[in-house]
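A.B. asks: Here it is, the structure in full.
The values are calculated or read from the model by the stated rules, or taken from the named source; none is laboratory data. The model shown is predicted, which means the values in this text are computed figures rather than measured ones. Every residue, glycine as well, gets a Cβ built from its backbone with ideal geometry; the counts of neighbours run over all protein chains shown.
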């Protein structure tokens with residue numbers, strides 16, 4: 001397989017579901033792993049509001065339980081991103097991607113601010129509607145080619161996936177955390193709690209890079 | 001060109017487009033959540049159109065993801081709108097005679113579910129259990145049912161390990177998996193709506 005990702009370095013077959021690392025996905029996997037470890041060990045920041053034109057500032061109080069929940073969600077998001085990086089199965093990729101979407105909503109949903117919750121809700125609606133093209137794309141891949149394995153689809157003699165289906169997959173991943181639907185997430189970034197919120201952007205970036213690889217390979 | 005799959009796909013796509021159009025026109029947050037739940041059904045239908053046993057295996061995770069997102073978003077909606085359970089007062093409906101539903105209906109459903117076994121049987125048995133609980137107006141706590149669900153799930157996983165490592169004992173694996181998934185699905189469906197607990 002000579003794709004955009006390069007030769008697979010390592011394969012772990014579970015029946016017809018094969019986990020594999022190419023140099024490309026290995027890089028992304030390590031990035032997700034390092035950031036997940038950082039989320040586990042780092043201490044969250046306190047958001048500081050500075051009063052404009054004066055010396056006064058105020059630090060926002062955030063409860064421990066809220067931070068614990070958000071850390072859990074960030075770790076789950078990191079695990080889901082890692083899964084999306086290593087999987088060799090298109091349907092698994094769709095599942096991990098929608099899991100990333102749910103976790104992104106969960107990271108900010110614990111914040112006790114109406115604006116942030118409103119943004120999280122709107123983003124959740126987008127992510128939920130994006131599961132339709134995502135799963136539809138994965139199912140039509142199986143219907144047109146008879147397999148879901150990325151490795152088999154990458155073989156030279158394999159049936160090529162129709163362009164429309166690739167567009168569906170990409171649209172689904174975009175809805176789970178990409179521009180232009182990203183606008184709904186901008187408000188979410190105003191939520192306090194530095195390392196956890198960044199997991200939203202990082203996971204989006206990773207699944208975006210991975211879906212490009214998948215779409216160009218199959 | 002126009003075989004059964006294409007016709008089905010076209011129909012499902014049209015219904016998905018109708019659902020998305022409704023989503024565009026709707027402004028109310030709660031209604032949009034409900035419409036999105038409706039729109040998810042075409043995506044399950046597209047998977048079901050595969051018509052193989054693979055489709056059956058793929059529908060389950062798709063359904064679970066949809067339900068998980070629906071539960072998460074409805075919880076966010078409840079928090080965001082500040083909704084809380086409030087007792088209804090001053091509602092006097094004259095009821096001549098309030099009687100429990102006959103036990104035979106849930107008993108039949110649960111019995112039929114056990115005969116069916118597996119996932120479908122679990123769903124049927126759960127329907128019977130939910131019917132029983134609702135018709136009795138029970139307010140028991142469900143910690144024990146939650147635990148049974150967890151143990152059944154573990155049994156289900158253990159049966160899969162039997163398939164993988166000791167294929168000669170496949171019959172024990174089949175039975176363990178069937179009973180495990182039956183109890184797990186039945187318990188899970190009874191729990192929907194009760195596991196949120198009594199907040200406040």
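A.B. asks: Given the options B:68, B:72, name the one that is surrounded by fewer than 18 Cβ atoms within 10 Å (Cβ to Cβ) and facing another protein chain (nearest Cβ under 7 Å). Reasoning before the result, please.
C.D. replies: On the way: B:72 fails: surrounded by fewer than 18 Cβ atoms within 10 Å (Cβ to Cβ).
After applying the criteria, what remains is B:68.
A.B. asks: Among the residues of region A:110-120, which ones are in a helix (DSSP H, G or I), facing chain B (nearest Cβ under 9 Å) and in contact (Cβ under 8 Å) with a residue 12 or more places away in the chain?
C.D. replies: First, pick out the residues of region A:110-120 that are in a helix (DSSP H, G or I): A:114-120.
Okay, now just the ones that are also facing chain B (nearest Cβ under 9 Å), so A:114, A:117-118, A:120.
Within region A:110-120, A:118, A:120 meet the criteria.
A.B. asks: Can you find, within region B:27-57, the residue that is farthest from the other protein chains (Cβ to nearest Cβ) among those that are closer than 19 Å to residue A:123 by Cα and in contact (Cβ under 8 Å) with a residue 40 or more places away in the chain?
C.D. replies: Step by step, filter region B:27-57, then rank; the result is B:30.
A.B. asks: Here is a list of conditions, (1) assigned by TED's automatic domain parsing to the domain that holds residue B:136; (2) out of contact with any helix residue (DSSP H, G or I) (no Cβ under 6 Å at 6 or more places or on another chain); (3) modelled with pLDDT of 85 or more, and residue B:75 meets all of them except one; can you say which number that is?
C.D. replies: (1)
A.B. asks: Are any residues in region B:16-34 more than 20 Å from residue B:79 (Cα to Cα) and surrounded by 14 or more Cβ atoms within 10 Å (Cβ to Cβ), and if so, which ones?
C.D. replies: Step one: list which residues in region B:16-34 are more than 20 Å from residue B:79 (Cα to Cα), which gives B:16-26.
Once the filter is applied, which keeps residues that are more than 20 Å from residue B:79 (Cα to Cα) and surrounded by 14 or more Cβ atoms within 10 Å (Cβ to Cβ), region B:16-34 yields B:16, B:19, B:20, B:22, B:23, B:26.
A.B. asks: List the number of the failed condition for residue A:87; all other conditions in (1) under 19 Å from residue A:148 (Cα atoms); (2) at pLDDT below 85 hold.
C.D. replies: With respect to (1) under 19 Å from residue A:148 (Cα atoms); (2) at pLDDT below 85, residue A:87 is out only on (2).
A.B. asks: Then there is this: Considering only region B:4-14, state which residues are within 11 Å of another protein chain (Cβ to nearest Cβ) and out of contact with any helix residue (DSSP H, G or I) (no Cβ under 9 Å at 6 or more places or on another chain).
C.D. replies: To start, the set of residues in region B:4-14 that are within 11 Å of another protein chain (Cβ to nearest Cβ) comprises B:5-6, B:8-9, B:12-13.
Of everything in region B:4-14, just one residue is within 11 Å of another protein chain (Cβ to nearest Cβ) and out of contact with any helix residue (DSSP H, G or I) (no Cβ under 9 Å at 6 or more places or on another chain), namely B:6.
A.B. asks: Of the conditions (1) over 22 Å from the mean Cα position of the chain (by Cα); (2) within 13 Å of another protein chain (Cβ to nearest Cβ); (3) under 30 Å from residue A:12 (Cβ atoms); (4) part of a helix (DSSP H, G or I), residue A:147 fails just one. Which one is it?
C.D. replies: Every listed condition holds for residue A:147 apart from (4).
A.B. asks: Taking the condition modelled with pLDDT under 80 and within 19 Å of the chain's Cα centre (by Cα), does residue B:139 pass? Let's see the steps before the verdict.
C.D. replies: Numbers: modelled with pLDDT under 80: yes; within 19 Å of the chain's Cα centre (by Cα): no.
Against the criterion (modelled with pLDDT under 80 and within 19 Å of the chain's Cα centre (by Cα)), residue B:139 does not qualify.
A.B. asks: Which condition does residue A:104 not pass, out of (1) under 10 Å from the mean Cα position of the chain (by Cα); (2) more than 14 Å from chain B (Cβ to nearest Cβ); (3) modelled with pLDDT under 90, if it passes all the others?
C.D. replies: (2)
A.B. asks: To continue, here is another question. Which is more than 10 Å from chain B (Cβ to nearest Cβ) and at pLDDT 85 or above, of A:128, A:73? So that I can check it myself, show each step before the final result.
C.D. replies: On the way: A:128 fails: more than 10 Å from chain B (Cβ to nearest Cβ).
That would be A:73, the only listed residue that is more than 10 Å from chain B (Cβ to nearest Cβ) and at pLDDT 85 or above.
A.B. asks: Which helices (runs of 4 or more DSSP H) sit wholly inside region A:155-218 and have at least 1 residues that are buried (at least 23 other Cβ atoms within 10 Å of the Cβ), in contact with a helix residue (DSSP H, G or I) (Cβ under 7 Å, 6 or more places away or on another chain) and at pLDDT 85 or above?
C.D. replies: On the way: elements: A:163-177, A:183-186, A:194-217.
Per the criteria, A:163-177, A:194-217.
A.B. asks: Are any residues in region B:158-169 in a helix (DSSP H, G or I) and exposed (fewer than 13 other Cβ atoms within 10 Å of the Cβ), and if so, which ones?
C.D. replies: Step one: of region B:158-169, the residues in a helix (DSSP H, G or I) are B:158-165, B:167-169.
Across region B:158-169, the qualifying residues are B:161, B:164, B:165, B:167, B:168.
A.B. asks: From B:128, B:193, B:111, which residue is surrounded by fewer than 16 Cβ atoms within 10 Å (Cβ to Cβ), over 25 Å from residue B:57 (Cβ atoms) and at pLDDT 80 or above? So that I can check it myself, show each step before the final result.
C.D. replies: Working: B:128 fails: surrounded by fewer than 16 Cβ atoms within 10 Å (Cβ to Cβ); B:193 fails: at pLDDT 80 or above.
Being surrounded by fewer than 16 Cβ atoms within 10 Å (Cβ to Cβ), over 25 Å from residue B:57 (Cβ atoms) and at pLDDT 80 or above holds for just one of B:128, B:193, B:111, which is B:111.
A.B. asks: Those residues that are more than 9 Å from every other protein chain (Cβ to nearest Cβ), assigned to a helix (DSSP H, G or I) and more than 20 Å from residue B:59 (Cα to Cα), I need them from region B:15-26; list them, please.
C.D. replies: Residues of region B:15-26 more than 9 Å from every other protein chain (Cβ to nearest Cβ): B:15, B:17-18, B:21-22, B:24-26.
Adding the requirement that they be assigned to a helix (DSSP H, G or I) leaves B:15, B:17-18, B:21-22, B:24-25.
Those that are more than 9 Å from every other protein chain (Cβ to nearest Cβ), assigned to a helix (DSSP H, G or I) and more than 20 Å from residue B:59 (Cα to Cα): B:17, B:18, B:21, B:22, B:24, B:25.
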